[in-house]
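A.B. asks: Please find one structure pasted underneath; my questions will follow.
The values are calculated or read from the model by the stated rules, or taken from the named source; none is laboratory data. A quick note: this is a predicted structure, and the numbers were derived from the prediction, not measured. Note: ideal-geometry Cβ built from the backbone for every residue, glycine included; neighbour counts use all protein chains shown.
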Amino acid sequence: MASVNKVILVCNLGADPETRYLPSGDAVANIRLATTDRYKDKGSGEMKEQTEWHRVSFFGRLAEIVNEYLKKGSSVYIEGRIRTRKWTDQAGQERYSTEIVADQMQMLGGRSTGDRSSNDGFESQRPVRQERSQQPRSSNPAPASREPQSTSYGGGGGFADDDDIPFRAHLMGREWAAI
């Protein structure tokens, strides 16, 4: 049976990206993202919040884009996959770390007021995609973005044109890739 390892997050950065370069010269950027679930406590009737923190890694050109345009508080849409790493710490204890390896990233929200870039954090209107085979990135350049697809999914649930999407106004003119 086939398996699926896919993560989709829409959330905010909890800190500025941390970027380093591998001996090969390829960039690796790591960010921490927060997602918050809100729910009503059955016992007290109060609204409660639970925040989850996620570690996300980017490689190659996507890592460079993250470093250049994202900062603490930036809203992002990320697609990727879960990866668990095992290592031995300085005390000899085996440790595990679960993180998300991002394949695609889209900056969300309005234009940034920070001074991190001359374009206010929005260079492209299309999502940036990292090819899965690049881990770490090879010398072959990967496409920087996925082209929008005009696939209709049938059964009355698909949309033939992006202008027909009912939540289009919430996307603030950004083009989303078909998932």
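A.B. asks: Looking only at segment 51-66, which residues are within 17 Å of GLU99 (Cβ to Cβ) and assigned to a helix (DSSP H, G or I)?
C.D. replies: GLY60, LEU62, ALA63, VAL66
A.B. asks: Filtering segment 85-129 down to residues that are modelled with pLDDT of 95 or more and β-branched (Val, Ile, Thr), which residue is nearest to GLU52 (Cα to Cα)?
C.D. replies: Here the answer is ILE100.
A.B. asks: Quickly run through segment 8-50 and pick out the residues that are at pLDDT below 95, closer than 17 Å to GLU99 by Cβ and β-branched (Val, Ile, Thr).
C.D. replies: Correct list: THR35 only.
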